[in-house]
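Peer 1: The structure under discussion is supplied below as structure tokens; questions concerning it will follow.
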């Protein structure tokens with residue numbers, strides 16, 4: 001299978017100037033603590049996606065399923081408050097960022113053949129792959145148009161933001177391409193995994209911190225710290241998403257990533273210690289995962305404590321992110337952002353989340 005080449009491709013231009021069980025606690029769902037989410041603005045999202053064609057608008061009405069954790073929106077809003085307590089980021093920019101994430105999820109579900117997203121049928125499952133693919137591209141184009149039309153900020157800042165949104169999108173696609181090129185690649189190293197996570201997941205966190213910075217700060221030293229936070233927090237968040245693939249109750253099928261042959265961090269760490277007869281390595285070696293394979297995966301990964309070790313590494317990146325954010329915000333991290341870190345710490349370091357049985 002294809003692997004990441006040792007020589008790095010040219011980088012995207014740097015805009016930083018760019019149910020719980022008592023025996024084994026579950027990881028909490030960050031952003032879903034009561035009162036800690038930035039409310040969705042469906043009217044603003046619908047306005048961003050408005051089309052002259054009624055059929056497309058009807059599709060939008062059905063496509064905008066309940067939003068996810070909106071962690072990026074929370075980060076942007078809270079950092080903005082630290083910079084300028086009496087000012088806010090234009091909501092259209094916040095919702096454009098959330099829609100950019102939604103665009104990536106639409107394509108992700110098609111690539112992964114995932115039938116569910118946030119507890120609902122995926123867009124491709126409801127309307128077919130062709131319509132879902134086209135609608136994802138439509139969302140992406142509308143996001144760019146919306147940012148360009150944001151009159152609440154200066155022309156100079158708009159140009160910077162257009163470049164930032166485009167850079168984030170390009171980075172996400174690079175990460176997803178690398179991830180897809182390395183499906184079933186049990187030789188993928190941990191450092192290569194981190195590179196993929198940095199591109200795929202940290203890029204939108206970088207956009208989330210760039211928004212308040214470009215509007216209310218423009219101190220290069222602060223941006224450096226914010227970018228360090230974004231990188232570490234994004235990697236931790238990706239590892240979190242890898243871990244909850246083994247748990248139910250998160251709006252998607254259990255073991256969906258392993259079904260598609262993704263090299264999640266638990267699988268990468270497991271491959272380092274597993275024997276050649278291991279069921280995970282056998283299935284990945286074939287390039288296909290069957291139902292009988294899935295039934296053996298949870299117990300196989302327990303033999304190397306792969307999920308527990310992945311959790312420990314998640315905590316390491318989370319700690320680095322928190323230190324960087326503290327350095328960027330001398331007045332301190334807001335209680336709402338601190339709740340995000342607290343949610344990730346709901347399980348003791350090294351303790352393995354319960355591996356739910358394959359469904």
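Laboratory data are not the source of any read-out in this text; all were calculated from the coordinates shown. Just so it is clear, the structure is predicted and the values come from calculations on it, not from any experiment. All Cβ positions, glycine included, derive from the backbone under ideal geometry; neighbour counts span all protein chains shown.
Peer 1: Could you work out the relative contact order of the range 42-344, using alpha carbon pairs under 8 angstrom and six or more residues apart, expressed as a whole percent?
Peer 2: In percent, rounded to a whole number, it is 19.
Peer 1: Which value in Å does the Kirkwood hydrodynamic radius of the range 179-272 take, with 1/r averaged over all unlike C-alpha pairs and then inverted?
Peer 2: For the range 179-272, inverting the mean 1/r across all distinct Cα pairs yields 14.5 Å.
Peer 1: In percent, what relative contact order does the range 126-242 have, based on Cα pairs under 8 Å that are 6 or more apart in sequence?
Peer 2: 24 percent
Peer 1: May I pose another question? Is the C-alpha gyration tensor of the range 42-344 telling us rounded, prolate or oblate? Criteria: a/c under 1.5 is rounded; beyond that, a/b larger than b/c is prolate, otherwise oblate.
Peer 2: oblate
Peer 1: Also, quick follow-up: Is the shape of the range 75-181 rounded, prolate or oblate, going by the alpha carbon gyration tensor and its root eigenvalues a ≥ b ≥ c, with a/c under 1.5 for rounded and a/b larger than b/c for prolate?
Peer 2: prolate
Peer 1: When a/c reaches 1.5 or more, the comparison of a/b and b/c decides; with that in mind, is the range 206-349 rounded, prolate or oblate per its Cα gyration tensor?
Peer 2: Prolate shape, in that a/c is at least 1.5 and a/b is the bigger ratio.
Peer 1: Please give the peptides 200-206, 137-143, 287-293 ranked by average Cβ packing (other Cβ atoms within 10 Å per residue), highest first, as a rough proxy for protection.
Peer 2: For the peptides 200-206, 137-143, 287-293, the packing ranking is 200-206, 137-143, 287-293.
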